[in-house]
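Below is one structure; the comments refer to it alone.
The values are calculated or read from the model by the stated rules, or taken from the named source; none is laboratory data. Quantities reported herein were computed from a predicted structural model and do not represent experimental measurements. In this analysis, Cβ positions are derived from the backbone assuming ideal geometry, glycine residues included, and neighbour counts consider all displayed protein chains.
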Amino acid sequence: MSLTTQLALFRDVVQQGSFSKAAALHDMDNSSLSKQIKKLEASLGVQLLNRSTRSFSITSAGEEILEQTHTLLDTLAHIHSIADTYQSVPKGSLRITSPIFFGQEYLQPVVTRFMKQYPDVQVTLSLDDRRADIIADHFDLAFRISKLRESNLIAKKIANTNFALVASEQFVEQYGEPKTPQQLLELPAVVYSNGSITLDRIRISETAHSSNMMTLRMQGNYKISDVRTMMSAVKDGLGYAQIDLFNLDRPISETKLVPLLTDYKLSTMDTGIYAIYPHRKQTLLVSEFIQYVQQHIGSPALWESYIPDYKKMYQ
């Protein structure tokens, strides 16, 4: 194994804070990784890590060498990136992370088309609603539905977020259709919650067609960590939900869902759907895949047609 590869393993052990996590990142077992770190230390003639049974700490020499390792590996990545810009056809490997439902519903069809068009490309698609560390976990590209935060990452907006309040026809028949936000809060809600985040807040206008906004908290006995299951619960009449339109997999006319409080303004709270990647990952492969995603989703996004006359609602 080359010195550069061993240094990359050392960096990942420190970044991940665990030999086992770093080993999984490289599809290695712990003992093989440990041997490579020991070989690196022997080659350099210094100890990089102080090890105990359950943990490790980095030595002073390790800290200095880690700093130079970051510089070295970033430089090598930049060299590869420059070379990639001169390629006429995307090639190589692409590691992508995405929320589960978005990946299943919108990225998988794109991956299918992309890999058929470029059969030599290798794709790893990691679906997880908990936000991954793009740098530490070596992802080339991430899709996120969130506010755009300042960082050392590049973000390209893929689509707007479009919120709606929906319930099943059965639910409305049982409880009646709410006419105000206050009446809505008296009804049971189905809430998305994945442990690290709970989406139980609604930013809605105080009165119909007003610009004065208020924040309300939905009440419900059912919290779900999966979007598809959440939508099934809403269709089954367990409660209403605040959704982004991309949560729909077909027009609401086919699912017996109805929009609620459409005369009230709903805030998207400055969120959007973004493709995010490190600066050094701005390769032909990444840019071409993003373009495929944009073509598949369309502009306006295909899900905006799932609720008829949506553009006239929640204004």
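For this structure, a couple of remarks:
- Of residues in the range 32-60 being among the aliphatic types (A, V, I, L, M) and surrounded by 15 or more Cβ atoms within 10 Å (Cβ to Cβ), the one nearest to the chain's Cα centre (by Cα): L33
- Checking S232 against (1) surrounded by fewer than 22 Cβ atoms within 10 Å (Cβ to Cβ); (2) within 21 Å of L216 (Cα to Cα); (3) among the polar types (S, T, N, Q), the condition it does not meet: (2)
- Identity of the residue in the range 276-286, in contact with a Lys or Arg (Cβ under 9 Å, 6 or more places away or on another chain) and assigned to a helix (DSSP H, G or I), that ends up modelled with the lowest pLDDT: L284
- Selected residue (criterion: farthest from L3 (Cα to Cα)) from residues of the range 16-40 that are of a type in the set (D, E, K, R) and touching a helix residue (DSSP H, G or I) at 6+ places or on another chain (Cβ under 9 Å): K21
- Screening the range 124-147 for residues that are more than 17 Å from D226 (Cα to Cα) and β-branched (V, I, T) and picking the one that is surrounded by the fewest Cβ atoms within 10 Å (Cβ to Cβ) gives T124.
- Listed conditions (1) at pLDDT 95 or above; (2) closer than 18 Å to H279 by Cα; (3) not in a strand (DSSP E or B) are all met by A83, apart from (1).
- Looking only at residues in the range 277-300 that are surrounded by fewer than 21 Cβ atoms within 10 Å (Cβ to Cβ) and of a type in the set (A, V, I, L, M, F, W, C), the one that is farthest from L248 (Cα to Cα) is L284.
- Among the candidates K157, K116, residue that is of a type in the set (K, R), closer than 27 Å to I243 by Cα and either without any contact (Cβ under 8 Å) to a residue 12 or more places away in the chain or out of contact with any Leu (no Cβ under 6 Å at 6 or more places or on another chain) (or both): K157
- Applying the criterion of being hydroxyl-bearing (S, T, Y) and under 17 Å from T262 (Cβ atoms) to the residues of the range 204-220, the residue that is surrounded by the fewest Cβ atoms within 10 Å (Cβ to Cβ) is S211.
- Qualifying residue in the range 35-46 (condition: over 19 Å from I65 (Cβ atoms) and either touching a residue at least 60 places away in the same chain (Cβ under 8 Å) or assigned to a helix (DSSP H, G or I) (or both)): no
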